[in-house]
1. Could you calculate the contour length gain from residue 104 to residue 201, that is, 0.36 nm times the residue separation minus the distance between their Cα atoms, to one decimal place in nm?
2. How much length is gained if the chain between residue 90 and residue 193 is pulled fully straight, taking 0.36 nm per residue apart and subtracting their Cα-Cα distance, in nm to one decimal?
3. I need to check one value: relative contact order of segment 1-133, counting alpha carbon pairs closer than 8 Å and at least 6 residues apart, in percent.
4. Considering only the other residues whose Cβ falls under 14 Å of the Cβ of residue 205, what net charge follows from Lys and Arg at +1 and Asp and Glu at -1?
5. If Lys and Arg each add +1 and Asp and Glu each add -1, what is the summed charge of the other residues whose beta carbon sits under 14 Å from the beta carbon of residue 180?
6. For residue 197, which lysines qualify as cross-link partners when the Cα separation must be under 25 Å and same-chain residues fewer than eight apart are set aside?
7. In terms of Cα to Cα distance under 23 Å, which lysines are near enough to residue 76, apart from those fewer than 8 places away along the same chain?
8. Give the peptides 87-98, 66-77 in descending order of average Cβ contacts within 10 Å, highest first.
Amino acid sequence: MMIQVAIASNNEFFRASLVAILSSQFEVRITSQGELDQALPLRGFARADIIMVCTVTAGESIEAIERIKRLKDPPKILVIAQRIRVSEVRRLLTLDAFGILLQETAARHLAWAVDAIHKGSRALSPEIADHVFNEYSKPNHFSNNTREAREKLGQLSTRERQVLELIAEALPNKEVATLLGISSETVKGHVRSICMKLDAASRLHAARIAWQASAAA
């Protein structure tokens, strides 16, 4: 049985690499491919069994996933990212992503991951699975502070989460704006909204809440 796959990535070379790998190893038909913003409205993506969403950071895939989930009968989603944090893994799994792979090792895991996802199972890169297991295998792994921080973060919009992740890395507004493709004034507005929702006195305080939310006790 042919597996219908669509690929959304802003990296043309990586898209071509995935097409070559999939075509050589699986009973796969590529229904559509293209850049993230341009490709997702195409009919070929709605017909796919699996959509591969490929981004630099896992957080960048969240908006695409939310758009896919609005489809009448959404395909299963496999996220492939260059950089993935444990907190982003939790977020992606909450959004019902069926698979999460690191771009660096994706080629060696595509075979079993595509097969598992098509059959309804979850697929994580071994490196990611190890982090998840280590975190959740600890008794009482969440402290009260961690729980409270995660509850606060649940109030933020997708864009606000993206801004918070970047300011938690000590990036100035100008760099945040460049990375997200928005203006510095828009970033300032998001930071004000984040501080208000998190009851944070400053951007450093907001970043501290983000660090607490991603920590395991």
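Since every read-out is calculated from the coordinates, none of them should be taken as a lab result. Note that this is a predicted model, so its numbers are computed, not measured. Cβ coordinates were reconstructed from backbone atoms using ideal geometry, including for glycine residues, and neighbour counts include every protein chain displayed.
1. Taking residue 104 through residue 201 to full extension adds about 31.1 nm, to one decimal.
2. 34.8 nm
3. Answer for segment 1-133 is 21 percent.
4. Around residue 205, the charge tally is +3.
5. Computed value for this residue: -4.
6. Here the lysines satisfying the reach criterion relative to residue 197 are 152, 174, 188.
7. 119
8. Ranking the peptides 87-98, 66-77 by packing returns 87-98, 66-77.
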